[in-house]
Amino acid sequence: MPVISAPHAFNESRLYVDLRSIFGRSLYLKCEGFNFAGSIKLKAAVEMVESAERHGVLTRDSILVESSSGNLGVALSMIAASKGYRFLCVTDSRCNLSARLLMEALGSQVHIIADVDPNGGFLGARIDFVRALCASDDRYVWLSQYTNPGNWRAHYRRTGPEIARQFPRLDVLFIGAGTTGTLMGCARYFRDWHRPVRIVAVDSAGSVTFGGKPGRRMIPGLGMSIRPPLLDESYVDEVIQVKEADTIRACHRLARRGFLFGGSTGTVVSGAMDWLGRHRTPGLTAVAIAPDLGERYLDTIYQSTWLQDLYGDRILDSEEGVTADSR
């Protein structure tokens, strides 16, 4: 049986798109959606599963269980199918339909949480369900992407070095903040590198990751309704919060120039363009990480009825103005 493992699951992502022709400012976008799982989450998934195997946590009778808004669930579904494990993904109603169908096609089970937690998000409720499940049956193995050091270690070992090899004179790196695995891994790597790199975290408005006020968030991927246990703010130089309306406008602006990216990428690009507009430093080398592509968002951020129902008829009227709130 073919097995997804580190040497075969990844080919270093060397695809970068310079967005200068679209937004008028140079920003190299590292496109992470061109692997088997379709997102950057494959890196963390492989690292966490292989670590659990090395430590004897996973056995033939184990059932993997994880809370995910979509992309990690798809990555773990692929790995579980390849290695012969059963997998249950605990998600919520914001998870894109295509991601749910992908997981089920790969043989995984999907449980959807409908109740929000006290902060108005779904994450706390998802985690409570996973904990209760693990307490009820010791066959369940929870990798816990929110606390697992393999989540950030994957990016310290792979994503950070990939960017450094391509951009030896890197000045600023924009990274979306979800579980903060990518953020912490890259930030730690560049803290240890031979020259300073400014690390700018991009978060969704309504997320409490960096102490913001909780609010409605309908686009999965970035943002948290609880503070991420992996986060160490001492590695972050600046935080930008982006409204979902600006995320959507950035995604559509990219799509109309031939680049179909996911919601997380739209958030990161919007935040990065706001930052670059305020820091007009000549010759600045800036890179942003695009976690996935846009096919899984065709029924949400690229679907007119979904947009109008949630954000109103005029959501795309100000598409040219990709702005963000920063702190």
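For this structure, a couple of remarks:
- Residue 200 over 18 Å from the mean Cα position of the chain (by Cα), within 24 Å of residue 20 (Cβ to Cβ) and open to solvent by less than 10 Å² (accessible area, probe 1.4 Å): no
- Boolean, residue 47 is in contact with a helix residue (DSSP H, G or I) (Cβ under 7 Å, 6 or more places away or on another chain), touching a residue at least 12 places away in the same chain (Cβ under 8 Å) and part of a strand (DSSP E or B): no
- Pairs with Cβ under 7 Å, 6+ apart, first in region 177-197 and over 12 Å from residue 152 (Cβ atoms) and β-branched (Val, Ile, Thr), second modelled with pLDDT of 95 or more and crowded, with 24+ Cβ neighbours inside 10 Å: 197/173
- Residue 173 vs. criteria farther than 30 Å from residue 86 by Cβ and crowded, with 22+ Cβ neighbours inside 10 Å: yes
- Residue count for region 144-162 satisfying the condition of being more than 17 Å from the chain's Cα centre (by Cα) and touching a residue at least 60 places away in the same chain (Cβ under 8 Å): 2.
For (1) farther than 14 Å from residue 145 by Cα; (2) crowded, with 24+ Cβ neighbours inside 10 Å; (3) free of Cβ contacts under 8 Å to residues at least 12 places away in the same chain; (4) in contact with a Cys (Cβ under 6 Å, 6 or more places away or on another chain), each residue gets a yes or a no:
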residue: 43; (1), (2), (3), (4): no, yes, no, no
residue: 52; (1), (2), (3), (4): no, no, no, no
residue: 57; (1), (2), (3), (4): yes, no, no, no
residue: 68; (1), (2), (3), (4): no, yes, no, yes
residue: 73; (1), (2), (3), (4): no, yes, no, yes
residue: 76; (1), (2), (3), (4): no, yes, no, no
residue: 80; (1), (2), (3), (4): yes, yes, no, no
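- Residue check, residue 150 touching a helix residue (DSSP H, G or I) at 6+ places or on another chain (Cβ under 8 Å) and closer than 25 Å to residue 183 by Cβ: yes
- Exactly one residue among 188, 158 is closer than 16 Å to residue 291 by Cβ, open to solvent by 30 Å² or more (accessible area, probe 1.4 Å) and in contact with a helix residue (DSSP H, G or I) (Cβ under 6 Å, 6 or more places away or on another chain), and that residue is 158.
- Candidate set from region 14-41 (those that are open to solvent by 20 Å² or more (accessible area, probe 1.4 Å) and part of a helix (DSSP H, G or I)); member that is farthest from residue 257 (Cα to Cα): 41
- Selected residue (only one of 77, 69, 144 is of a type in the set (Ser, Thr, Tyr) and in a helix (DSSP H, G or I)): 77
- Qualifying residue in region 99-122 (condition: touching a Leu at 6+ places or on another chain (Cβ under 7 Å), part of a helix (DSSP H, G or I) and open to solvent by 30 Å² or more (accessible area, probe 1.4 Å)): no
- Qualifying residue in region 270-283 (condition: among the acidic types (Asp, Glu), open to solvent by 30 Å² or more (accessible area, probe 1.4 Å) and not in a loop (DSSP other than H, G, I, E, B)): no
- Selection within region 290-325: residues that are closer than 27 Å to residue 278 by Cβ and open to solvent by 50 Å² or more (accessible area, probe 1.4 Å). The member of this set that is modelled with the highest pLDDT is 311.
The values are calculated or read from the model by the stated rules, or taken from the named source; none is laboratory data. Not measured: the values here are computed from a predicted model. FYI the Cβ positions are ideal-geometry reconstructions off the backbone, even for glycines, and counts take in every protein chain you see. Each accessible area value is taken on the protein alone, full model and side chains, heavy atoms only, with ligands, DNA and RNA left out. Shrake-Rupley method; radii C 1.70, N 1.55, O 1.52, S 1.80 Å.
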